[in-house]
């Protein structure tokens with residue numbers, strides 16, 4: 001199993017806003033000085049991880065999300081990354 005080097009495990013804490021409108025979760029992250037090509041978004045179970053490659057270092061911000069959420073839309077403009085996550089539809093049998 002490959003382990004990340006310490007430079008790949010650096011966490012950073014940019015300003016993040018998360019809102020939930022019932023069907024969608026809207027995440028806004030202020031990323032000054034970052035180009036869109038430096039951004040990577042990964043979803044795994046209950047985590048959305050935003051990674052930024054800066055000067056050969058990977059900075060990561062993890063955001064807890066509901067299980068089954070998927071990226072519906074993403075936009076990067078004016079140094080702000082906006083991610084819209086769609087929550088799974090409720091089970092009609094419940």
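What follows draws every value from the coordinates through simple rules; no lab data is involved. Remember, predicted model here, so these are calculated numbers, not experimental data. Cβ: placed from backbone, ideal geometry, glycine included. Neighbour counts: every protein chain shown.
Take the Cα of residue 73, step 7 Å toward its Cβ, do the same at residue 26, and the gap between the two points is 0.9 nm.
Residue 13 to residue 91: FRET efficiency via 1/(1 + (r/R0)^6), r the Cβ-Cβ distance, R0 41 Å, to the nearest 0.05? Once rounded, the FRET efficiency stands at 0.70. Two numbers describe the Cα atoms of the range 6-86: Rg and Dmax, which are 12.3, 38 Å.
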